[in-house]
Amino acid sequence: MAQNKISISSTSYLIPNHYAWNEKFSFTNKLDFKFVNNFTQGFYNSPKENTLFTAIFINDLIDENKNYKNKDLKKINDSIINLVKFRLRNSSSPLILFLINQRGENIFDYLSTKNMIDENFENLYDKLLFLSKKHSNFILLNFNSIFENSNKNIFDKRNWYLANCRLSSYGHELIATSLKKILTKFITTPKKVLVLDCDNTLWGGIVGEDGINNILLGQDGIGKAYVDFQRKIKKLSQQGVLLCISSKNNTKDVMEVFNNHKQMQISKNDLVSIKVNWKEKYLNIKEIAKDLNLSLDSIVFWDDNPLERNKVKKFLPEVYVVEPDQNIINWPTQIENFELFSKIKVTKEDKNKIKQYKIRSKFIDEKKIATDEIKYLKSIKLEPKVINLNKDNIARASQMTQKTNQFNLRTKRYSMNDILKLNKKEYTEIKLISLKDLYGDHGIIGLMILKKIDNYSIFIDTFLISCRVFGRYLETWMLYEIKKICKKKGIKKIYGEHIVTDKNKTICKDFFKKHSFKIDNGKFSWKSPGSSVYSLRQEELNNKMIKIYD
Amino acid sequence: MIKKKLRECLIKTFPKERIKNNIDDLKVGSFKKWDSLAHLNLLLLVEKKFKIKFSIDEMTSLKKISQIINKIKKK
């Protein structure tokens with residue numbers, strides 16, 4: 001890509017092939033630096049597809065020992081302006097200009113009067129600044145503002161006498177790094193949107209399980225890190241980054257935090273799009289792009305969960321998926337240093353991309369996505385297991401009934417004693433579910449309690465899954481395990497009940513329907529008032545997502 | 001240790017050359033691309049990796065690897 005070719009010219013020598021130019025930078029495309037020997041030739045002869053980088057040392061333009069009249073200084077500055085204007089007329093590629101003032105060490109030169117060189121530096125800088133505001137591809141940098149705070153010297157007298165080069169090796173390093181950072185913004189599309197998860201991203205814990213009072217967000221410990229993380233995000237929004245939420249949650253739970261939690265730094269009004277639902281996040285992100293009229297490659301996605309991140313990477317490869325640091329306390333710095341957010345004006349190219357994206361999105365095939373999803377989930381090597389109740393896992397079984405709220409069909413709470421009693425009954429089967437996959441060993445994350453109603457029917461008394469492992473269609477696998485149990489025992493019919501609660505109403509909504517169960521309006525002694533009962537002949541159990549586990 | 005680090009500097013400065021383990025006899029001109037500019041870059045990299053500074057005289061007089069090794073030992 002031509003944008004990887006950079007012509008370099010400067011008023012005094014920059015050392016070609018100095019190690020600083022060869023050090024790799026984040027976006028890994030190799031940059032091709034072409035050093036131009038003559039400063040003005042850089043402007044006249046650099047290929048117009050190339051980026052032109054130029055370093056202007058004001059000390060090269062003015063001889064400190066001479067006396068200049070104002071009109072002489074004006075002539076010098078105008079010659080620079082004309083070179084820049086010439087380049088801008090003939091090339092729309094980036095023009096990056098570092099203006100550098102190597103100030104002297106004699107303080108008396110700076111006492112009470114403006115030093116001539118300083119004054120001319122400011123004068124030239126102002127004129128160039130005016131041009132940079134008119135041309136979005138002209139990047140001007142007052143390089144003194146970069147190095148004057150560093151404690152190492154960017155200038156080196158030895159190099160000056162040896163090679164007519166004003167810079168030390170450190171000076172080369174600083175220039176090369178600054179240049180590469182700027183180039184990153186041109187070579188990759190500037191990012192305009194930040195899509196955030198909620199649980200364990202904006203706060204610690206899972207609001208649907210832990211409740212608003214137990215999430216970690218506050219003045220101490222990890223909660224403080226989340227507060228700082230939110231503060232940095234808020235700052236980004238003030239700089240023009242568009243904030244969005246994509247969270248697998250019940251809207252009520254998430255909005256409660258935004259509305260009532262006193263330590264929230266980000267408010268509802270800071271968000272341009274709120275997608276809180278149980279849909280796959282890549283579908284939400286696609287919608288966000290459509291809603292905002294922006295292309296997918298202007299979106300950055302931050303989520304603590306590697307499964308979610310990898311799904312988005314897989315289905316929306318243009319979206320920039322951040323790899324958050326292993327340690328939450330580094331997140332504030334990590335997001336503050338994220339350099340790809342646009343601070344540069346929207347270009348014609350961006351507007352074209354929006355048009356192209358609108359045309360593409362009309363042809364996305366939802367069915368194809370399901371097949372892709374099956375392929376993808378197969379690739380993460382899911383290994384669920386059914387485990388019998390024993391003295392080592394009975395505590396976990398009880399704990400899950402007490403704590404799981406979201407994927408829990410009937411929310412029956414059982415103490416360890418309750419479970420012991422149930423297990424003794426002949427007509428009850430208690431099974432725990434463990435899960436291993438590429439993302440790790442998740443331990444025991446599911447529970448089923450089945451009760452025999454008569455010789456040919458069973459009832460699903462308890463069916464729950466920890467929210468930690470959502471998104472894997474584990475519920476489908478568990479139902480097929482129930483089917484296996486039925487077959488073994490000659491059971492023909494399965495009954496299930498969904499006792500609707502605030503916490504489970506969305507995620508469990510069409511659970512039975514999706515697996516071919518039908519509503520059963522029969523009278524049952526065990527039915528809870530107001531609930532929906534479903535039934536199914538075990539051989540009719542059907543759901544295509546079981547292919548993941550084949 | 002010094003020879004190993006110095007050899008790494010040579011590899012970085014001349015990425016397309018095969019640098020033998022024994023670098024004692026190498027000097028400016030040993031490879032086609034080893035001209036004065038490459039030599040300057042080599043010395044600047046040596047300064048960085050060994051955290052030393054050569055004087056202007058040393059920059060112009062050190063032409064052989066053996067000389068550089070001796071100089072590094074003294075600094």
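The values are calculated or read from the model by the stated rules, or taken from the named source; none is laboratory data. Because the structure is a prediction, the values reported are computed rather than measured. Positions of Cβ are backbone-derived with ideal geometry, glycine not excepted, and every protein chain shown enters the neighbour counts. Side chains are part of the model used for accessible areas, which takes the heavy atoms of the whole protein and leaves out ligands, DNA and RNA. Shrake-Rupley method; radii C 1.70, N 1.55, O 1.52, S 1.80 Å.
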**OP:** May I ask you to list the residues in the range B:32-57 that are under 14 Å from A:Asn17 (Cβ atoms) and outside any helix (DSSP H, G or I)?
**Re:** B:Lys33, B:Trp34, B:Asp35
Original post:
Is it the case that some residue within the range A:279-288 is in a strand (DSSP E or B) and buried (at least 17 other Cβ atoms within 10 Å of the Cβ)?
Top reply: no
**OP:** Select, from A:Ile117, A:Ile96, the only residue that is in contact with a strand residue (DSSP E or B) (Cβ under 7 Å, 6 or more places away or on another chain) and either more than 24 Å from B:Lys49 (Cα to Cα) or not in a helix (DSSP H, G or I) (or both).
**Re:** A:Ile96
Original post:
What is the residue count in the range A:505-530 for residues that are closer than 25 Å to A:Tyr480 by Cβ and small (Gly, Ala, Ser)?
Top reply: 2
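For (1) at pLDDT below 90; (2) farther than 26 Å from A:His172 by Cα, each residue gets a yes or a no:
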{"site": "A:Asn67", "(1), (2)": "yes, yes"}
{"site": "A:Leu83", "(1), (2)": "no, no"}
{"site": "A:Arg87", "(1), (2)": "no, no"}
{"site": "A:Leu95", "(1), (2)": "no, no"}
{"site": "A:Phe98", "(1), (2)": "no, no"}
{"site": "A:Asp109", "(1), (2)": "yes, yes"}
{"site": "A:Ile117", "(1), (2)": "yes, no"}
{"site": "A:Phe130", "(1), (2)": "no, yes"}
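Quick one: would you say A:Lys248 is buried (at least 16 other Cβ atoms within 10 Å of the Cβ), charged (D, E, K, R) and under 24 Å from A:Leu435 (Cβ atoms)?
Answer is yes for this residue.
Every residue, every condition in (1) modelled with pLDDT under 95; (2) part of a loop (DSSP other than H, G, I, E, B), yes or no:
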| position | (1), (2) |
| --- | --- |
| A:Lys503 | yes, yes |
| A:Cys508 | yes, yes |
| A:Phe512 | no, no |
| A:Asn521 | yes, yes |
| A:Lys527 | yes, yes |
| A:Glu539 | yes, no |
Subject >> Qualifying residue in the range B:6-13 (condition: more than 11 Å from every other protein chain (Cβ to nearest Cβ), within 23 Å of A:Cys165 (Cβ to Cβ), under 12 Å from the mean Cα position of the chain (by Cα) and of a type outside the set (D, E, K, R)) >> reply: yes
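Quick check on the range A:453-460. Is at least one of its residues more than 24 Å from A:Gly211 (Cα to Cα), open to solvent by less than 30 Å² (accessible area, probe 1.4 Å), outside the structural domain of A:Trp278 (by TED's automatic domain parsing) and among the aromatic types (Phe, Trp, Tyr)?
So far as the range A:453-460 goes, yes, one or more of its residues are more than 24 Å from A:Gly211 (Cα to Cα), open to solvent by less than 30 Å² (accessible area, probe 1.4 Å), outside the structural domain of A:Trp278 (by TED's automatic domain parsing) and among the aromatic types (Phe, Trp, Tyr).
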**OP:** Name the one entry in A:Leu271, A:Leu296 that is under 14 Å from the mean Cα position of the chain (by Cα) and modelled with pLDDT under 95.
**Re:** A:Leu296
Original post:
Among A:Lys85, A:Lys48, which is assigned to a loop (DSSP other than H, G, I, E, B) and open to solvent by 30 Å² or more (accessible area, probe 1.4 Å)?
Top reply: A:Lys48
Subject >> Odd one out for A:Lys152 among (1) under 29 Å from A:Lys235 (Cβ atoms); (2) open to solvent by 30 Å² or more (accessible area, probe 1.4 Å); (3) modelled with pLDDT of 95 or more >> reply: (3)
**OP:** Scan (1) open to solvent by less than 60 Å² (accessible area, probe 1.4 Å); (2) assigned to a loop (DSSP other than H, G, I, E, B); (3) not basic (Lys, Arg) for the single condition A:Ile76 breaks and write down its number.
**Re:** (2)
Original post:
When the range B:54-74 is examined, which residues are found to be more than 14 Å from chain A (Cβ to nearest Cβ) and not small (Gly, Ala, Ser)?
Top reply: B:Lys63, B:Lys64, B:Ile65, B:Gln67, B:Ile68, B:Ile69, B:Asn70, B:Lys71, B:Ile72, B:Lys73, B:Lys74
**OP:** Among the residues of the range A:233-249, count how many are over 15 Å from A:Leu340 (Cβ atoms) and assigned to a strand (DSSP E or B).
**Re:** 6
**OP:** Answer yes or no as to whether A:Lys34 is open to solvent by 50 Å² or more (accessible area, probe 1.4 Å), at pLDDT below 90 and within 21 Å of A:Leu141 (Cα to Cα).
**Re:** yes
**OP:** Please identify the pairs in which a residue from the range A:39-63 that is closer than 19 Å to A:Ser136 by Cα and in the same structural domain as A:Asn90 (by TED's automatic domain parsing) has its Cβ atom under 8 Å from the Cβ atom of a residue that is in a helix (DSSP H, G or I) and of a type in the set (D, E, K, R), counting only partners at least 6 apart or on another chain.
**Re:** A:Phe43/A:Arg87; A:Leu52/A:Arg87
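Table: residues versus (1) closer than 30 Å to A:Ile329 by Cβ; (2) in contact (Cβ under 8 Å) with a residue 40 or more places away in the chain; (3) outside any loop (DSSP other than H, G, I, E, B); (4) assigned by TED's automatic domain parsing to the domain that holds A:Arg231.
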{"position": "A:Asp126", "(1), (2), (3), (4)": "no, no, yes, no"}
{"position": "A:Leu131", "(1), (2), (3), (4)": "no, yes, yes, no"}
{"position": "A:Asn149", "(1), (2), (3), (4)": "yes, no, no, no"}
{"position": "A:Leu162", "(1), (2), (3), (4)": "no, no, yes, no"}
{"position": "A:His172", "(1), (2), (3), (4)": "no, yes, yes, no"}
{"position": "A:Thr201", "(1), (2), (3), (4)": "yes, yes, no, yes"}
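Taking the condition more than 24 Å from A:Asp510 (Cα to Cα), modelled with pLDDT of 90 or more and surrounded by 14 or more Cβ atoms within 10 Å (Cβ to Cβ), does A:Glu383 pass? Let's see the steps before the verdict.
Working: more than 24 Å from A:Asp510 (Cα to Cα): yes; modelled with pLDDT of 90 or more: yes; surrounded by 14 or more Cβ atoms within 10 Å (Cβ to Cβ): no.
So A:Glu383 does not fit the description; no.
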**OP:** Filter the range B:22-51 down to residues that are open to solvent by less than 30 Å² (accessible area, probe 1.4 Å) and under 13 Å from B:Ile2 (Cα atoms) and give me whichever is farthest from the other protein chains (Cβ to nearest Cβ).
**Re:** B:Ile23
**OP:** Could you tell me which residue of the range A:179-199 is farthest from A:Val469 (Cα to Cα), considering only residues that are open to solvent by less than 20 Å² (accessible area, probe 1.4 Å) and part of a helix (DSSP H, G or I)?
**Re:** A:Leu179
Original post:
Of (1) more than 28 Å from A:Asp392 (Cα to Cα); (2) of a type in the set (S, T, N, Q); (3) surrounded by fewer than 18 Cβ atoms within 10 Å (Cβ to Cβ), A:Asn504 satisfies all except one. Which?
Top reply: (3)
